[in-house]
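Note sheet for the following structure.
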Amino acid sequence: MAPASDTDLIPLIRKLESIAQISDAERQAILSLPANIRLCEPRQDIVCDKDQPSHCCLVLSGWVCRYKLLTEGKRQILSFHIPGDLPDLQSLQLAVMDHSLANVTACRLAFIPHENMRELVVRFPNLGAALWRDTLVDAAIFREWMTGIGRRTAQARIAHLFCEMYLKLQAVGLARSYRCELPLTQSDIADALGLTNVHVNRSLKALRGQELITTRGRELVIHDWPGLTKAAEFDPTYLHLGPRAA
């Protein structure tokens, strides 16, 4: 690990500014947080189920996922996280992890001590409110995923995931012109959406056949945004993006 530089925590500022308003003093307080930087190879556990972490993990680059693993080895991905996300923020209040956190791609991560995060929200209550808002948005995303897994078709689930990830990446300046990074394998998508690899393969072919999307390596290109949102029954309200992000 290496200490964070003066600009390493900018992704956290971009994320919070996508859902809340923060002041210059609050931005500087975030940049002044002590943190250690770690580079991780793909498919590595960051925090494991039953761990008791003493730091919050901030994604600086790459993609991370939350997941649960059943005894027979079946994996359920619970969420995907991009730069600016604090996917284990709940560890500030919940001492024991009830799921695992792993990186999907090679990642650059910052680890911020809990004591410093607690001091930050005491000194700057508005930042505490912004982090609270972030956890509420996180819960809204869980509700939307539950609805999708329970009631949407395979094709609609995948279309919905693509719409969600595009808007989240766009909100923090990592996507534009209906193009974004998509470093997910078909197995990742299947494990996230409760599908088989065969269902994922067929659904992707259908979305391409309708000329809604193409996937090129690790890139998603959306050719027909209105058509994709219609296929997904996608309403972005649950992301609660602020005016700047929208």
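Since every read-out is calculated from the coordinates, none of them should be taken as a lab result. What you are looking at is a predicted structure, and each value in this text was computed from that prediction instead of being measured. Here the Cβ is made from the backbone with ideal geometry for all residues, glycine too, and neighbour counts use every protein chain on show.
Annotations
- Amide H contacts of Val47 (H built 1.01 Å from N, under 5 Å, at least 5 apart or other chain): Leu101
- You can think of it this way: the chain between Arg216 and Ile149 has 21.5 nm of extra reach, that is 0.36 nm per residue less the Cα-Cα gap.
- One decimal place: the segment Asp49-Asp224 gains 59.0 nm when fully extended, by the rule 0.36 nm per residue minus the C-alpha distance.
- Per residue of the chain, the DSSP helices (runs of n ≥ 4 H) give a summed -39500 (n - 2.57) that works out to -13000 deg cm²/dmol at 222 nm.
- Selection among Leu58, Pro3, Asn126 by position relative to the dipole of the chain gives Leu58 as farthest towards the positive end (Cβ unit charges, Cα centre).
- Label separation (Ser5 vs Trp132): 3.6 nm, computed from points 7 Å beyond Cα along the C-beta direction.
- Cβ-based charge dipole, the range 152-239, positive-most Cα from Leu169, Leu239, Val221: Val221
- Taking a ≥ b ≥ c as the square roots of the eigenvalues of the Cα gyration tensor, the chain is classed as prolate, since a/c reaches at least 1.5 and a/b is larger than b/c.
- The range 152-239 shape via C-alpha gyration tensor axes, a/c threshold 1.5: rounded
- Shape call, the range 1-78: gyration tensor on alpha carbons, a/c limit 1.5: prolate
- Spatially close lysines, pair count over the chain: Cα under 22 Å, gap of eight or more or interchain: 5
- Relative contact order %, the chain, counting alpha carbon pairs below 8 Å whose residues are six or more apart: 22
- Taking Cα centre as origin and charging only the Cβ of basic (Lys, Arg, +1) and acidic (Asp, Glu, -1) residues, the dipole magnitude of the range 121-178 rounds to 80 debye.
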